[in-house]
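Working notes, structure below.
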Amino acid sequence: MYWQPTASIENLHLRAALLQQVRQFFSANNVLEVEVPILVSNTTTEPHIHSMSVNCQFGQTSNQHFYLNTSPEYALKRLLSSGSGPIYSITKVFRDNEIGRHHNPEFTMLEWYRPGYGYHELMREVADLINQLFDVGKIDWISYQSLFERSLDIDPHRACLAELKQLIHEHIDLSFAIDNVDAALEVLMSHVVEPLLAESVGDVPTFVYDFPVGQAALANITVNDSSNKVAQRFELYYQGIELANGYDELTDPIEQRRRFLADNKRRRLLGLPEIALDEKLLAALSNMPACSGVAIGIDRLLMAKARADSISELISFTSDRI
């Protein structure tokens, strides 16, 4: 029986020091730390994020269904809509079916929102935080389109499914069928483009921005210099690890409802249960200020800081030790 922690005591000290640095950074930048519920009544509709369900007994007759939070996003947006100003949260989140070198079903997420910031402004603030934590100096930026053109000689915003499936056939031994453009792009990104990016940039943190509109999630849409519609979304990669995922946040409740319904349609096609829409979030969006937000995995930050091979080296007790 393994009763010992998976993280060393040295790495637990590293975690405490990094969390202190993060809190000092936000204190110096006048961003308020807030706590949000871990137990929530609604969860994400995204088909590729699997929520954990919890049944709670209230009194002797009422049995209510909840979820363990996959992200603090919805609660933070309700606070923003109530006039909180810039806020951040460091909290535990939970995602089922996620375990591996970079994943644990329970992990720690840092998420923050900046009213009045565009996503490029927020990227610069993320870069400031990364420089404070790692003292890396140089940070690179590349659009999703430029990255695909450099790696696979294709414009991802204009490519058809047949072209993408041919690239998958050339580069990847895939055991499952791909039936849409966004799924094909995600497979190429994870199996071909990300490894090439890690090789080319080395130890330089790199922002990838302006994602395909089909991967917008809760981001606004714009038109780039090549006249392609793109999602105002970015990700940050460092040491071959995706550290951050950020958006210029959607504040239109009608469009957000449409996207939630589209997610549920996709879930039906995949044989997944539909998720009830978060009506509280949709009601709040009309009052939410224009803002950008970003989520960063604290455990992955620590993995990069310690140059560890697995996230398990930075978590006191991973799911196989609890």
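The values are calculated or read from the model by the stated rules, or taken from the named source; none is laboratory data. Please read all numbers here as calculations on a predicted model, not as lab measurements. Every residue, glycine among them, receives a Cβ derived from its backbone with ideal geometry; neighbour counts consider all protein chains shown.
Can you tell me which residue among 85, 118 is in contact (Cβ under 8 Å) with a residue 12 or more places away in the chain, on the phi > 0 side of the Ramachandran plot and in contact with a strand residue (DSSP E or B) (Cβ under 9 Å, 6 or more places away or on another chain)?
Selected residue: 85, the only one of 85, 118 that is in contact (Cβ under 8 Å) with a residue 12 or more places away in the chain, on the phi > 0 side of the Ramachandran plot and in contact with a strand residue (DSSP E or B) (Cβ under 9 Å, 6 or more places away or on another chain).
Candidates in segment 1-52 are the residues that are under 25 Å from residue 96 (Cα atoms) and of a type in the set (Asp, Glu); of these, the one that is farthest from the chain's Cα centre (by Cα) is 35. State which residue is modelled with the lowest pLDDT when the search covers only segment 141-182 and only residues that are assigned to a helix (DSSP H, G or I) and within 17 Å of residue 233 (Cα to Cα). Among those that are assigned to a helix (DSSP H, G or I) and within 17 Å of residue 233 (Cα to Cα), it is 182.
Residue 70 meets the conditions (1) buried (at least 19 other Cβ atoms within 10 Å of the Cβ); (2) not in a loop (DSSP other than H, G, I, E, B); (3) not acidic (Asp, Glu) in every case but one. The failed one is (2).
For the residues 18, 14, the requirement of being part of a helix (DSSP H, G or I), in contact (Cβ under 8 Å) with a residue 60 or more places away in the chain and either under 19 Å from residue 88 (Cα atoms) or touching a strand residue (DSSP E or B) at 6+ places or on another chain (Cβ under 9 Å) (or both) singles out 18.
When restricted to residues that are assigned to a helix (DSSP H, G or I) and of a type in the set (Gly, Ala, Ser), segment 274-318 contains 5. Search segment 23-39 for residues being under 16 Å from residue 92 (Cβ atoms) and in contact with a helix residue (DSSP H, G or I) (Cβ under 7 Å, 6 or more places away or on another chain), and hand back the single one that is surrounded by the most Cβ atoms within 10 Å (Cβ to Cβ). The residue in question is 36. Considered as a group, the residues in segment 277-304 that are more than 16 Å from the chain's Cα centre (by Cα) and of a type in the set (D, E, K, R) include one that is nearest to residue 237 (Cα to Cα), and that residue is 278. In segment 201-210, is there at least one residue being at positive phi, within 25 Å of the chain's Cα centre (by Cα) and modelled with pLDDT of 90 or more? The answer is yes, given that some residue of segment 201-210 is at positive phi, within 25 Å of the chain's Cα centre (by Cα) and modelled with pLDDT of 90 or more.
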